[in-house]
Structures are given as structure tokens and as C-alpha cells.
Amino acid sequence: MSAREEILGRIRQAVRDAPEVGIPRGYRTAARVDDLVGLFAERVDDYRAIVHVLPSAEVPAKIAELVRGRRMVVPDGLPEEWAGEAERAGGSLADLDAAGGVVTGCAVAIAETGTIVLDAGPGQGTRAQTLVPDYHLCVVRADQIVAGVPEAVARLDPARPLTWISGPSATSDIELNRVEGVHGPRTLEVIVST
């Protein structure tokens, strides 16, 4: 018998005569937000990220402007019009570290929290591709924005690797001195495609 089986066996034995207790599930599962794009852009900006809200027709030109002259990581499955003419970085960790940034899409975005969620789907890259480069440009389609976390979780597959991003990477020391870029990109730039 493994230690795990032994521990679980003891727990089952201890609670075998306990009465069944109903757990109330009255928490909020949906939110009402009148302007999802506006609230999302406001919250992303609150996190010290750079945000642009543009008509979808203007997105490729904006991406081209932002990545011009940078060696960018371009994940598999990224729409070609978003990849543009960026010089593409290789896939090794050294290449990722030397890259000027990464451009990705996302799985879902949350208006109430200003959070972007990546699930390693097409155009989103691997965790290393999105955490190693110092600059992350993420394109969010307006139809990917939901009001709250419960709606986002309902759209996600829990078996996929999920990366939840709320602003550029930042941490604070014991004296509350903010340091950016420690655990991921120092700069997050978001384009919301309407």
C-alpha cells in the first residue's frame, strides 16, 4: 500500500459515519457588463500594459508598426496577417532569450479583471515562447472577451496548459519596491480587434 492510499484510507474510515452535507453553490456564474471591450481595455491599462482598441482591418498594420525591426517569436498557427514581415526568431531557449518579443493570440480575455488566458492553442505559443522574451504583443478579438472569470473558465479546457496574464510580469520585495520582468515579459502590449 502506498502512502497516498494509506492516507486516503484513514480519511475514508474517519468520515464513514458522517452525514451527507449539501454544499450551497450560490456563487455568481455570470456578470453583466455593458461595454466588455471598454472595461477590458481600462483594466489592462490599469496593470501598466499598453492597450490599443482598433477595427480588425487596422490590426495587421498596427502589428507591423509595433514589431518593425524586432526579431519576433511567431508561434505556429498565428494568422499570417498578424505575423507580417517580422523577422522570426528560432525556437531554442537562447533564441527566445535573444528575441525582441513574441506576438500571440489568446484563448479568452476577462473584462472584469483585465486578464488574458493562453491555452497553447494555435497562434498562442508554448509557455516558454510567451514567458522568456521581454516583450509580449497579444491580439485579442472582441468576441473572445467575456465579463468574468466563471465565463472564462467555462470556455477553457482544464486539461490544456493555461497561462493567465494580468499585466506585465511584476513582483515586489519586502519593502514593496516593484520589479518588472522577473517571471515573464517586462512589457505587455495588447491589441483589441473590434
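Pairing residues of segment 150-167 that are under 18 Å from Phe40 (Cα atoms) with residues that are part of a loop (DSSP other than H, G, I, E, B) and open to solvent by 70 Å² or more (accessible area, probe 1.4 Å), at Cβ distances under 6 Å and at least 6 apart in sequence or on separate chains, gives Pro150/Thr29; Ser166/Tyr47; Gly167/Tyr47; Gly167/Arg48. If the condition is being surrounded by fewer than 17 Cβ atoms within 10 Å (Cβ to Cβ) and within 12 Å of Ala109 (Cβ to Cβ), then segment 124-155 contributes Arg141, Ala142, Asp143, Arg155. Being touching a residue at least 12 places away in the same chain (Cβ under 8 Å), acidic (Asp, Glu), open to solvent by 60 Å² or more (accessible area, probe 1.4 Å) and out of contact with any helix residue (DSSP H, G or I) (no Cβ under 8 Å at 6 or more places or on another chain) holds for only one residue in Glu5, Glu42, and it is Glu42.
Would you confirm whether any residue within segment 17-32 is surrounded by 12 or more Cβ atoms within 10 Å (Cβ to Cβ) and within 23 Å of the chain's Cα centre (by Cα)? Looking for residues that are surrounded by 12 or more Cβ atoms within 10 Å (Cβ to Cβ) and within 23 Å of the chain's Cα centre (by Cα), one finds at least one in segment 17-32, hence yes.
The values are calculated or read from the model by the stated rules, or taken from the named source; none is laboratory data. From a predicted model like this one, the values you see are computed outputs, not experimental measurements. With ideal geometry, Cβ positions are generated from the backbone for all residues, glycine too; neighbour counts draw on all protein chains shown. The protein model used for the area step is the full one, side chains on, heavy atoms only, and it has no ligands, DNA or RNA in it. Shrake-Rupley method; radii C 1.70, N 1.55, O 1.52, S 1.80 Å.
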